[in-house]
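**Student:** The structure is given below, and queries will be raised subsequently.
Please treat every number below as a calculation from the coordinates, not as lab data. Computed from a predicted structure; not experimentally measured. Using ideal geometry, Cβ is built from the backbone for each residue, glycine included, and neighbour counts are taken over all protein chains shown.
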Amino acid sequence: MNLKGRNFITLKDYSPEEIGYLLDLAADLKAKKKQGITGNSLKGKNIALIFEKPSTRTRCSFVVAAVDEGAHPEYLGKDDIQLGHKESVEDTARVLGRVFDGIEFRGFKHKTVEDLAKYAGVPVWNGLTDDYHPTQILADLLTMKEHFGYLKGLRFVYAGDGRNNMANSLMIGMSKMGVHFTILAPKSLWPNDKLVELCQGYAGESGSTITLTEDTDAVKDADTIYTDVWCSMGEEDKAAQRIALLKPYQVNKDLMEKTGKDTTIFMHCLPAVKGNEVTEDVFESGASVVFDEAENRMHTIKAVMVATLGE
Ligand code: CP
Ligand code: NVA
């Protein structure tokens, strides 16, 4: 499989086979790292890490993955460069593309990462925008594959803010990989119709299904219950309204028991607001695989960089 020179903007651009390849590569890199073996596939490469929003997992994963493979990562925080202040995205992209070999972007508008990719001339990787968070989905898929041994046919329920970057990206990734996907959320927070339609197409091809519902009974038989914060970065002013809307969809012991399975796992991209979208007891329970997901961010991000930029 040759993904050299490709951008990684959303999983819409990647086939199920290509996603499968990235997961296998990540598993291989992870196994090697556990044996103390790191590579030099990115030796001599310089990587720009642009962050308009804060980050723990994504930033640290890009830095460690780059260094493990011999690259030099350079963190560019929101006040460190001219982007958005004195210089357009198009000009910034053309400058950084002359200096760096690859660019990660985390920020607000999805169009910014698309424009960076359009003008940089080097691979651009999306480290989260208001609309999508594709590197997180690779970590989640790897975690599920490690836990269950397979993906196709698993039943996945996402409870909470059903139209944020995580819900959008999970719907794309799960429908492409044959995982039955349910959004459990109040109707006002369902994903947009166009994206649902697109993902229904992916689900049709992979043999999975997409369900949107307000009924918590939908968790019956779920293998995974996933949630994310009720207010994403930039939406902090919506807290009171979201708590009122989403309280019935909190992932707590009752909801986990409603699956009727004692094998259901709990997943969360983190950071979590315990007491809102998830209770402390579920977060800390044996069902929770949240720190496996967090670790897998590094291995999967490494796979993306190695596949698109590595020698
Ligand atoms: N899950 C995730 O993207 O975490 P950070 O915001 O800490 O990068
Ligand atoms: N939906 C969250 C994801 C954080 C990783 C946010 O955008 O803040």
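**Student:** Among all lysine pairs in segment 158-238 that are eight or more places apart or on different chains, how many have alpha carbons less than 23 angstrom apart?
**Tutor:** 4
**Student:** Excluding residue 95 itself, calculate the net charge of residues whose Cβ lies under 15 Å from the Cβ of residue 95, where each Lys or Arg counts +1 and each Asp or Glu counts -1.
**Tutor:** Neighbourhood net charge equals -3.
**Student:** Here's another thing I want to ask about it. Between the helical axis of 193-206 and the dominant principal axis of the chain, each derived from Cα atoms, what acute angle in degrees is found, rounded to the nearest 10?
**Tutor:** So the helix axis and the longest Cα principal axis differ by about 90 degrees.
**Student:** Where a ≥ b ≥ c are the square roots of the eigenvalues of the C-alpha gyration tensor, would you call segment 98-256 rounded, which needs a/c under 1.5, or, failing that, prolate if a/b is larger than b/c, or oblate?
**Tutor:** oblate
**Student:** What is the Cα centroid distance between segment 65-93 and segment 113-138, reported in whole angstrom?
**Tutor:** One Cα centre to the other: 13 Å.
**Student:** While we're on this one: Output wanted: per-residue J couplings in Hz (rounded whole) for segment 75-87, from phi through Karplus 6.51 cos²θ - 1.76 cosθ + 1.60, θ = phi - 60°, x for Gly and Pro.
**Tutor:** Per-residue couplings from phi come out as 7, 10, x, 5, 9, 8, 10, 7, 3, x, 9, 10, 10 Hz.
**Student:** While we're here: Give the peptides 235-241, 254-260, 297-303 in descending order of average Cβ contacts within 10 Å, highest first.
**Tutor:** 297-303, 254-260, 235-241
**Student:** Is the shape of segment 205-280 rounded, prolate or oblate, going by the alpha carbon gyration tensor and its root eigenvalues a ≥ b ≥ c, with a/c under 1.5 for rounded and a/b larger than b/c for prolate?
**Tutor:** Here segment 205-280 falls in the prolate category.
**Student:** Hey, can you rank 163-173, 183-193, 32-42 by average C-beta count inside 10 Å, highest first?
**Tutor:** Ranked from most to least packed, the peptides come out as 163-173, 183-193, 32-42.
**Student:** Gap in Å between the Cα centre of segment 273-311 and the Cα centre of segment 28-52?
**Tutor:** Between the Cα centre of segment 28-52 and that of segment 273-311, the gap is 17 Å.
**Student:** Grab the eigenvalues of the alpha-carbon gyration tensor for segment 81-145, scale each by 5, take roots, and send me the semi-axes largest first in whole angstrom.
**Tutor:** One finds semi-axes of 25, 13, 8 Å for segment 81-145.
**Student:** With labels modelled as points extended 7 Å from the Cα through the Cβ direction, what inter-label distance (nm, one decimal) is found for residue 79 paired with residue 4?
**Tutor:** 4.2 nm
**Student:** So, one more: Taking Cα atoms, how many degrees apart are the long axis of helix 89-99 and the longest axis of the chain, rounded to 10 and kept between 0 and 90?
**Tutor:** The two axes meet at around 60 degrees.
**Student:** With an 8 Å Cα cut-off and a minimum separation of 6 or more residues, compute the relative contact order for segment 138-228 in percent.
**Tutor:** Normalised by residue count, the contact order of segment 138-228 is 35 percent.
**Student:** Right, here's the next one. Residue 43: which aspartates and glutamates have alpha carbons under 13 Å from its alpha carbon, excluding same-chain residues fewer than 8 sequence positions away?
**Tutor:** Cα-Cα hits under 13 Å: 68, 69, 101, 311.
**Student:** Using only the Cα atoms of the chain, what semi-axes does the equivalent ellipsoid have when each is the square root of 5 times a gyration tensor eigenvalue? Give whole Å, largest first.
**Tutor:** Sorted largest first and rounded, they come to 31, 22, 18 Å.
**Student:** Could you compute the FRET efficiency for residue 90 and residue 212, with r as their C-beta to C-beta distance and R0 at 45 Å, rounded to 0.05?
**Tutor:** That pair, residue 90 with residue 212, gives E of 0.75.
**Student:** Determine the calculated [θ] at 222 nm for the chain from helices alone, applying -39500 (n - 2.57) to every DSSP H run no shorter than 4 residues and normalising by the residue count; nearest 500 deg cm²/dmol.
**Tutor:** -13000 deg cm²/dmol
**Student:** What Kirkwood radius, in Å to one decimal, follows from the Cα pairs of segment 1-104?
**Tutor:** 15.4 Å is the Kirkwood radius here.
**Student:** Roughly how tilted is helix 110-120, in degrees to the nearest 10 and between 0 and 90, from the longest Cα axis of the chain?
**Tutor:** Tilt relative to the chain: about 30 degrees.
**Student:** If you take every residue apart from residue 47 with its C-beta less than 9 Å away from the C-beta of residue 47, what net charge results, scoring Lys and Arg +1 and Asp and Glu -1?
**Tutor:** With Lys, Arg at +1 and Asp, Glu at -1, the net is -2.
**Student:** Next question, about the same structure. So between residue 56 and residue 243, what do we pick up on full extension, going 0.36 nm a residue minus the alpha carbon distance?
**Tutor:** Computed gain between residue 56 and residue 243 is 64.9 nm.
**Student:** Related question: Mind listing the phi-derived Karplus ³J(HN,Hα) values for segment 285-300, rounded to whole Hz, using 6.51, -1.76 and 1.60 with θ = phi - 60°, and x for any glycine or proline?
**Tutor:** Along segment 285-300, the couplings run 6, x, 6, 7, 10, 5, 7, 5, 4, 4, 5, 5, 4, 5, 5, 6 Hz.
**Student:** Hey, another quick one. Calculate the dipole size of the chain relative to its Cα centre from +1 charges on Lys and Arg beta carbons and -1 charges on Asp and Glu beta carbons; express the result in debye to the nearest 20.
**Tutor:** 520 debye
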